[in-house]
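See structure below.
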């Protein structure tokens with residue numbers, strides 16, 4: 001027996017007819033709330049739809065029907081006056097189901113993940129019902145997960161001071177992530193803490209940290225969207241670490257397989273450039289999701305928005321309008337024909353264009369066209385600069401329309417339209433960006449040299465240029481007005497010069513870890529230098545504390 005999307009043609013007409021009947025019943029109940037029989041008939045129709053969808057094994061559609069039945073059953077038959085939102089959600093669910101089935105039939109397979117937002121929206125109208133996780137349809141069973149895969153039973157536990165410093169480091173990165181700072185600035189701090197915990201915590205906590213580090217890499221490198229549920233996953237890691245630290249020497253708390261499963265789902269979404277993700281995938285033999293997040297977002301936009309054929313027709317019509325506008329501009333520029341009539345025709349065409357673009361949510365381009373149209377009302381016959389400005393706006397609109405045609409409904413703002421709101425000269429801002437990038441590159445070079453030193457069995461040749469490199473970074477930080485960070489870099493260079501190069505005494509691995517903590521803190525500081533969300537002073541204090549632990553007190557700390 002054919003099942004899934006391949007069997008839709010066998011029952012398509014009956015399914016769509018049944019959905020239309022249920023939608024009519026719900027609309028009638030919206031108008032006559034005291035006629036409970038209408039709601040009961042709609043629920044019976046939903047049961048029939050669910051049975052058909054389960055028979056042909058469309059998992060996502062069948063689950064959507066299950067949630068719609070549960071929500072419709074919760075609505076009182078003779079007291080639906082205050083249930084407008086749940087009833088609207090039911091109607092929206094039927095509309096979305098029709099589009100979903102059409103997409104399944106066209107593609108030849110189903111993508112149940114596309115229905116998760118609608119399913120969770122239905123669940124949100126029921127009290128005490130939690131939303132499904134993003135990985136709900138991911139083919140990975142929690143019962144098969146190796147919860148104690150990582151860690152070292154013989155590792156020496158972290159002392160309280162080091163543990164608290166690592167947890168504060170993780171929390172600083174997490175704070176920036178939660179408040180919208182972005183993962184680029186937060187990842188180095190969080191990654192550093194996760195790696196240290198992985199080596200020193202118990203096996204189950206170490207496995208979670210291992211998966212969390214890979215998931216963080218997937219979010220940063222792939223990249224993946226940093227949604228609120230995903231931020232909560234990393235907040236849960238902090239709670240796990242707190243429990244492990246508070247119960248040092250005692251039996252570890254109960255494991256959290258569902259948290260591990262959610263992290264592994266993010267790892268599975270990571271692309272081939274994510275080294276940690278590839279390691280985790282190979283170690284656990286993770287199932288392939290069958291899609292990337294970009295593909296999923298594109299499919300979701302097509303599901304929610306107008307069809308590709310519709311958008312293509314709109315783009316064709318807009319291109320014809322733009323071609324006519326360019327012809328009118330050419331006539332005005334050459335002073336050919338009736339200038340007054342051409343001007344009136346051009347003004348009307350520009351007004352149609354910007355209104356259409358506004359309806360398509362291309363607001364930036366639309367506002368440029370509108371502004372040009374208003375200025376054109378005062379055009380003098382020899383004002384070529386104004387015509388050039390109008391022409392630039394029209395070309396910008398043409399670019400946006402071409403993107404609309406290429407990507408269907410999956411469009412966004414046109415790059416390069418945003419004004420420079422920083423208030424400082426562009427040249428100065430660019431110089432600042434270049435200097436910060438050079439400082440970051442110097443720090444990365446120093447960290448790679450230290451890593452090479454450790455991996456080569458303490459070969460001092462790898463460290464010869466590190467102090468001078470760090471002093472160069474220090475000069476750049478002082479030039480940027482970051483003298484406190486520059487002092488930290490100076491003390492780091494002193495430690496390498498005096499303890500590792502001059503004395504030629506191989507440091508303990510713990511000392512190198514502390515030095516790396518300080519340099520990671522400066523990296524985070526530079527990433528967030530242009531933002532005010534994260535408390536930069538706190539991360540500098542952490543770096544100063546790390547150096548003090550090495551015996552190098554930073555002046556003014």
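So the values come out like this:
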| quantity | calculated |
| --- | --- |
| Spans of helices (runs of 4 or more DSSP H) in region 254-317 with at least 3 residues more than 27 Å from residue 210 (Cα to Cα), modelled with pLDDT under 90 and over 16 Å from the mean Cα position of the chain (by Cα) | 293-304 |
| Residue that is farthest from residue 321 (Cα to Cα), among those in region 350-390 that are in a loop (DSSP other than H, G, I, E, B) and within 41 Å of the chain's Cα centre (by Cα) | 361 |
| Some residue of region 391-406 being surrounded by 15 or more Cβ atoms within 10 Å (Cβ to Cβ), more than 33 Å from the chain's Cα centre (by Cα) and modelled with pLDDT of 80 or more | yes |
| Close pairs from region 362-388: first surrounded by 12 or more Cβ atoms within 10 Å (Cβ to Cβ), partner not in a helix (DSSP H, G or I), Cβ under 6 Å, at least 6 apart | 364/413; 364/417; 365/414; 386/379 |
| Qualifying residue in region 345-359 (condition: free of Cβ contacts under 8 Å to residues at least 12 places away in the same chain, under 30 Å from residue 106 (Cα atoms) and either out of contact with any strand residue (DSSP E or B) (no Cβ under 9 Å at 6 or more places or on another chain) or crowded, with 18+ Cβ neighbours inside 10 Å (or both)) | yes |
| Options 63, 97; residue that is in contact (Cβ under 8 Å) with a residue 60 or more places away in the chain, in a helix (DSSP H, G or I) and either in the same structural domain as residue 32 (by TED's automatic domain parsing) or within 20 Å of residue 304 (Cβ to Cβ) (or both) | 97 |
| Filter result for residue 126 (modelled with pLDDT of 80 or more and under 27 Å from residue 262 (Cβ atoms)) | yes |
| Some residue of region 501-513 being at pLDDT 85 or above and farther than 24 Å from residue 158 by Cβ | yes |
| Unique match (being at pLDDT 90 or above and surrounded by 17 or more Cβ atoms within 10 Å (Cβ to Cβ)) among 53, 8 | 53 |
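The rows are residues; the columns are (1) in contact (Cβ under 8 Å) with a residue 40 or more places away in the chain; (2) part of a helix (DSSP H, G or I).
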| position | (1), (2) |
| --- | --- |
| 47 | no, yes |
| 52 | yes, yes |
| 67 | yes, yes |
| 77 | yes, no |
| 92 | no, yes |
| 102 | no, yes |
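The values are calculated or read from the model by the stated rules, or taken from the named source; none is laboratory data. Small disclaimer: the values here were computed from a predicted structure and weren't measured. Cβ coordinates were reconstructed from backbone atoms using ideal geometry, including for glycine residues, and neighbour counts include every protein chain displayed.
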